[in-house]
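The values are calculated or read from the model by the stated rules, or taken from the named source; none is laboratory data. Predicted model, so just to flag it, every value in this text is computed and none were measured. Neighbour counts run over all protein chains shown; Cβ positions are idealised from the backbone, glycine included. SASA here: full protein model, heavy atoms, side chains in, ligands and nucleic acids out. Shrake-Rupley method; radii C 1.70, N 1.55, O 1.52, S 1.80 Å.
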Amino acid sequence: MAGDEALANRLALDLVWPLADGVVREDERAMEATGLILKHLIEQALPSRKSGDRVHAAVGVPAQASINNKKALLDVTEGTVDKLLIVSEAFAVAYAVDRFDECLIVDIGAGTTDICRMHGSMPEPDDQVTLKIAGDFLDAEITRAIHEKYPEVQLTPQIIRRIKEKYGYVSDTSDPIRVTLSNRGIPAEYDITDIMRESCLQMTRPIAAAVQELVGSFDPDFQADLRQNIVLAGGGSRLKGIDLAIERSLKAYGGASADCVQDAEYCGCLGALKMCVDMPEEYWERI
Ligand SMILES: Nc1ncnc2c1ncn2[C@@H]1O[C@H](COP(=O)(O)OP(=O)(O)OP(=O)(O)O)[C@@H](O)[C@H]1O
Ligand SMILES: [Mg+2]
């Protein structure tokens, strides 16, 4: 992938991060970078595209993306995309798994966690919450915690992400986690069992609190349905034990059932694609 290639060559490059907090960064170079990535994606997806073929694209944004963020998207896609559908990421997940009746979608991505209460009709603003607490936040937490205990070790975003995706957990117990890290070039083993759990809890606690809030403020007749139908998606839903942790956080509310979707990272994309096919013309933004 282009991103992996860029990271592999990062010492020779001037890297620009296109996104922050789940939206396009509103900075000239970041917007240019996002536009180029999009162009590259379209070329990869449609290799035999002829001039005159029109491109319709659906782009997922956090539920609470601002009008400015959406305008930035329109600017970035101008020239590459003919029509644009801007969809709430959590709603795209609901669409993918065909869950429009009472359920709670929790999409834990890199920049944001998007939580959306579904109840048959289109979700309203107070059915949705966006937290800037997700994978990137967890990476920063783990980095901070490792450096606090072992100030001398050398860490990079790639090392942290690999460790997190392999060992991250919020269950009560875990096998000891020992990783080899470099101390000024000299490799040594470090125990990060407790660091890992405590850091991961820093991410899951606020998510659980937001879930409690959306359950607690819902029509009491349907709260049980919400609690029993929690759908976890996004790369962050792969964290070991997160489903049980969310269920446990709703014990005092009467218990819950939370399940991770099959295709954590791509579920939202599949939903967005389905929406493209189903959506009548008037919902599309003309560029
Ligand atoms: N096993 C795992 N445990 C914990 N986190 C994981 C795991 N696998 C992937 N992730 C994390 O999931 C995140 C990526 O998820 P996803 O692809 O859903 O994000 P995104 O849709 O690109 O971001 P956003 O929704 O914020 O725009 C990354 O932070 C990644 O490190
Ligand atoms: Mg996402």
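Scanning the stretch 240-267 for residues that are closer than 15 Å to LEU104 by Cα and among the small types (Gly, Ala, Ser) yields SER249, GLY255, ALA256, SER257, ALA258.
Across the stretch 245-282, the qualifying residues are those that are assigned to a loop (DSSP other than H, G, I, E, B) and touching a Lys or Arg at 6+ places or on another chain (Cβ under 9 Å), and the one among them that is most open to solvent (accessible area, probe 1.4 Å) is GLU265.
Yes/no matrix, rows are residues, columns are (1) touching a residue at least 60 places away in the same chain (Cβ under 8 Å); (2) in contact with a strand residue (DSSP E or B) (Cβ under 8 Å, 6 or more places away or on another chain); (3) surrounded by 18 or more Cβ atoms within 10 Å (Cβ to Cβ); (4) not in a strand (DSSP E or B):
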site: ASP107; (1), (2), (3), (4): yes, yes, yes, no
site: ARG117; (1), (2), (3), (4): yes, yes, yes, no
site: LEU138; (1), (2), (3), (4): yes, no, yes, yes
site: GLU141; (1), (2), (3), (4): yes, no, yes, yes
site: ILE146; (1), (2), (3), (4): no, yes, yes, yes
site: SER171; (1), (2), (3), (4): yes, yes, no, yes
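Would you be able to say whether some residue in the stretch 125-132 is within 26 Å of ARG10 (Cβ to Cβ) and not polar (S, T, N, Q)? Yes: one or more hits.
Being under 26 Å from ARG162 (Cβ atoms) and without any contact (Cβ under 8 Å) to a residue 24 or more places away in the chain is a property that GLN262 has.
Scanning the stretch 205-220 for residues that are assigned to a helix (DSSP H, G or I) and open to solvent by less than 30 Å² (accessible area, probe 1.4 Å), we see that the one that is nearest to ligand 1 (Cβ to nearest atom) is ILE207. Counting the residues of the stretch 221-241 that are in a strand (DSSP E or B) and within 16 Å of ligand 1 (Cβ to nearest atom) gives 4.
Residue-wise test of (1) in a helix (DSSP H, G or I); (2) away from ligand 1 (no atom under 16 Å from the Cβ); (3) closer than 30 Å to ALA256 by Cα.
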residue: GLY3; (1), (2), (3): yes, no, no
residue: GLU32; (1), (2), (3): yes, yes, no
residue: LYS50; (1), (2), (3): no, yes, no
residue: ARG54; (1), (2), (3): no, yes, no
residue: GLY60; (1), (2), (3): no, no, yes
